[in-house]
Amino acid sequence: MRILVTGGAGFIGSHIVQFHLSRGHEVIAVDDLSTGSEHNIRNFLPNPNFRFEKANLLSWPHLESSVAQSDRIYHMAAVVGVFRVLKNPVDVMAVNVEATELLLKAAHKNKWRSTLIVASTSEVYGNGIPGRETCEFSERDALLIEENSSLRWNYPISKLVDEAFCLSYAKAYGAPIVTVRFFNTIGPRQTGQYGMVVPRFVRQAVSGQPITVFGDGTQKRCFCDVRDTVVMLDLLADNSSSYGEVVNVGNAQEISIAELAERVKWLSHSQSEIRCVPYQDAYGMDFADILHRRPSMTKLLSLTDMQFQWPLNQTLLDLIYIEQDKRKAQGG
């Protein structure tokens, strides 16, 4: 099987690359390294089945030929991370929407010989429907963004446009596209540089710095190990009943951010203080957070026989050990 991964040097993208190389597949990864890193794929470079191209998808000259040679395409390239989204709001809309449109046009020109997995986000749910008792988000839910003056919402809005493109091609041409809404994927190679909470907590705990909780910590999230995530993507791509569908990809086990900070501190035997930081101090502007984000897994489990292998504590321990080893290597 021939695989194309956009954003292939990024966090999720590099794990997709690793997953398919381990199965003997040929993989092309393209990434402009704006948030991805060659460090994430350095161990794959000697593999004769792997090719990396440093390029921006918007100007990559080999897009059409690479699509034509691929049996499956994972579109993970995007402007991501709260800090980067707030800093580059125009790029969010341009890159996230235009790159997806270019890829879909190339696949259409190739008569849809490739299965596409296109990344969306759980942030499209916003805060959910006011007054509704459940905090669980289903793919059939109405989507409501309550405050569109915050630049935070540029990211989910751009992904909703991507979803509309994908669903339109699937409906009009029977295109084999699966759109996946990621719910807080975590794991090795994720960086806290752009606002991701778990690697930031782990780095702070291991280094003895204050563990900074943005807001009051009552906001809740469901974290899913990336090693489970890539299995879900593979299972969805293998099932033609997934084509033309939008599917939640995550784990339904919920935890508050305050409890997450306590757990990271406990697992790492850290003496760090846990400190709450107002959103305005953290992001330097008005910021609208999402209080609850728990996925309904009903649809995914109806389409796959997914068996989760990575509980949260194990993932956190793995990340703590990696960070501790890194500090030892640096003499810290």
Counting only residues in the stretch 157-181 that are of a type in the set (A, V, I, L, M) and touching a residue at least 60 places away in the same chain (Cβ under 8 Å), the one farthest from S138 (Cα to Cα) is identified as A175
Of the residues in the stretch 176-204, those that are in contact with a strand residue (DSSP E or B) (Cβ under 8 Å, 6 or more places away or on another chain) and more than 18 Å from S270 (Cα to Cα) number 13
When the stretch 1-30 is checked residue by residue, the ones that are in contact with a Ser or Thr (Cβ under 8 Å, 6 or more places away or on another chain) and among the β-branched types (V, I, T) are I3, I12, I28, V30
Heads up, the helices (runs of 4 or more DSSP H) in the stretch 224-318 (entirely inside) with at least 3 residues that are buried (at least 18 other Cβ atoms within 10 Å of the Cβ) and among the β-branched types (V, I, T) are 226-238
Exactly one of S138, S168, S122 is modelled with pLDDT of 95 or more, under 30 Å from L301 (Cβ atoms) and not acidic (D, E), and that one is S168
Residue pairs within 8 Å by beta carbon, gap of at least six or interchain, first lying in the stretch 321-332 and assigned to a loop (DSSP other than H, G, I, E, B), second at pLDDT 95 or above, listed first then second, are G332/S207
Restricted to the stretch 1-58 and to residues being free of Cβ contacts under 8 Å to residues at least 40 places away in the same chain, assigned to a helix (DSSP H, G or I) and crowded, with 24+ Cβ neighbours inside 10 Å, the residue farthest from the chain's Cα centre (by Cα) is I41
Checking I12, I73, I28 in turn, the sole residue that is within 30 Å of D281 (Cα to Cα) and not small (G, A, S) turns out to be I12
With respect to I73, determine if the residue is at negative phi, buried (at least 18 other Cβ atoms within 10 Å of the Cβ) and part of a helix (DSSP H, G or I).
no
Inside the stretch 231-276, the number of residues satisfying the requirement of being over 25 Å from the mean Cα position of the chain (by Cα) and either hydrophobic (A, V, I, L, M, F, W, C) or under 29 Å from A142 (Cα atoms) (or both) is 3
(1) part of a loop (DSSP other than H, G, I, E, B); (2) modelled with pLDDT of 95 or more all hold for E163 apart from (1)
Considering residues that are assigned to a strand (DSSP E or B) and surrounded by fewer than 21 Cβ atoms within 10 Å (Cβ to Cβ), the number found within the stretch 189-213 is 1
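The values are calculated or read from the model by the stated rules, or taken from the named source; none is laboratory data. Quantities reported herein were computed from a predicted structural model and do not represent experimental measurements. Counting neighbours? That spans all protein chains shown, and the Cβs are built from the backbone with ideal geometry, glycine included.
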